[in-house]
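Okay, structure first, notes after.
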Amino acid sequence: MGCYGIGVSRVLQAAAECSSSSRGLRWPVSIAPYLATLVPLNGNMEHATSVFATLSNICVDNVRVFADNVIVDDRSYLSPGFKLNDAQLLGIPITVVLGQKFKQSGHVEVQLRVPRLELGTCVAGVEVQGDGYEYKAFVHVDRLAEFLVGALEGQF
């Protein structure tokens, strides 16, 4: 006996097939295992909890969309490049990097890898650079919620 219906595994396979490339997976926001990953670099682990709290409290239509959907890459034994490559290969749509700019000025790097996402050069007053496949922006941590809600409008 066989079942020829469309099940969960076939939906996931189709999504992975449609949104993957040599640069890794890009899960749609609706079925991504996690919406965001937080990657603290250069000894910024002590600040990761406050940025994690900021991400977790982002509300869209009175729903905390990132509440249980953020992971923190706290593997201190890995290089920054390895951590960022892992996030890209796993297909997590949003990567928030706490790097050198965070220590100096409170800016985090936000990498958006969402299928069918088209952004202009400015979102919520923040300059965005991208090639249609991946977008990057340096956002002050105080404006992170406003930026993500503006960039991902209609995705939730």
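The values are calculated or read from the model by the stated rules, or taken from the named source; none is laboratory data. Every value quoted in this text rests on a predicted model; they were computed, and no experiment measured them. Don't worry about glycine lacking a Cβ; one is built from the backbone with ideal geometry, like all the others, and counts go over all protein chains shown. Accessible surface areas use protein heavy atoms only, side chains included; no ligands, DNA or RNA. Shrake-Rupley method; radii C 1.70, N 1.55, O 1.52, S 1.80 Å.
Candidates are the residues of the range 2-55 that are under 15 Å from the mean Cα position of the chain (by Cα) and of a type in the set (Phe, Trp, Tyr); the one that is farthest from residue 114 (Cα to Cα) is 52. Scanning the range 135-156 for residues that are closer than 21 Å to residue 100 by Cα, open to solvent by 40 Å² or more (accessible area, probe 1.4 Å) and in a helix (DSSP H, G or I) turns up 142, 143.
Can residue 132 be described as free of Cβ contacts under 8 Å to residues at least 40 places away in the same chain, surrounded by fewer than 17 Cβ atoms within 10 Å (Cβ to Cβ), not in a helix (DSSP H, G or I) and not hydrophobic (A, V, I, L, M, F, W, C)? Steps first, please.
On the way: free of Cβ contacts under 8 Å to residues at least 40 places away in the same chain: yes; surrounded by fewer than 17 Cβ atoms within 10 Å (Cβ to Cβ): yes; not in a helix (DSSP H, G or I): yes; not hydrophobic (A, V, I, L, M, F, W, C): yes.
For residue 132, the condition - free of Cβ contacts under 8 Å to residues at least 40 places away in the same chain, surrounded by fewer than 17 Cβ atoms within 10 Å (Cβ to Cβ), not in a helix (DSSP H, G or I) and not hydrophobic (A, V, I, L, M, F, W, C) - is met.
Considering only the range 53-65, I want to know if a residue exists there that is closer than 25 Å to residue 23 by Cα, in contact with a helix residue (DSSP H, G or I) (Cβ under 9 Å, 6 or more places away or on another chain), modelled with pLDDT under 90 and not β-branched (Val, Ile, Thr). No, the conditions are met nowhere in the range 53-65. Restricting attention to the range 97-129, the residues that are hydrophobic (A, V, I, L, M, F, W, C) and free of Cβ contacts under 8 Å to residues at least 12 places away in the same chain add up to 1. Within the range 118-129, can one find any residue that is hydroxyl-bearing (Ser, Thr, Tyr) and open to solvent by 40 Å² or more (accessible area, probe 1.4 Å)? Scanning the range 118-129, I find at least one residue that is hydroxyl-bearing (Ser, Thr, Tyr) and open to solvent by 40 Å² or more (accessible area, probe 1.4 Å), so the answer is yes. State yes or no: is residue 38 touching a helix residue (DSSP H, G or I) at 6+ places or on another chain (Cβ under 7 Å) and either modelled with pLDDT of 85 or more or acidic (Asp, Glu) (or both)? Against the criterion (touching a helix residue (DSSP H, G or I) at 6+ places or on another chain (Cβ under 7 Å) and either modelled with pLDDT of 85 or more or acidic (Asp, Glu) (or both)), residue 38 qualifies.
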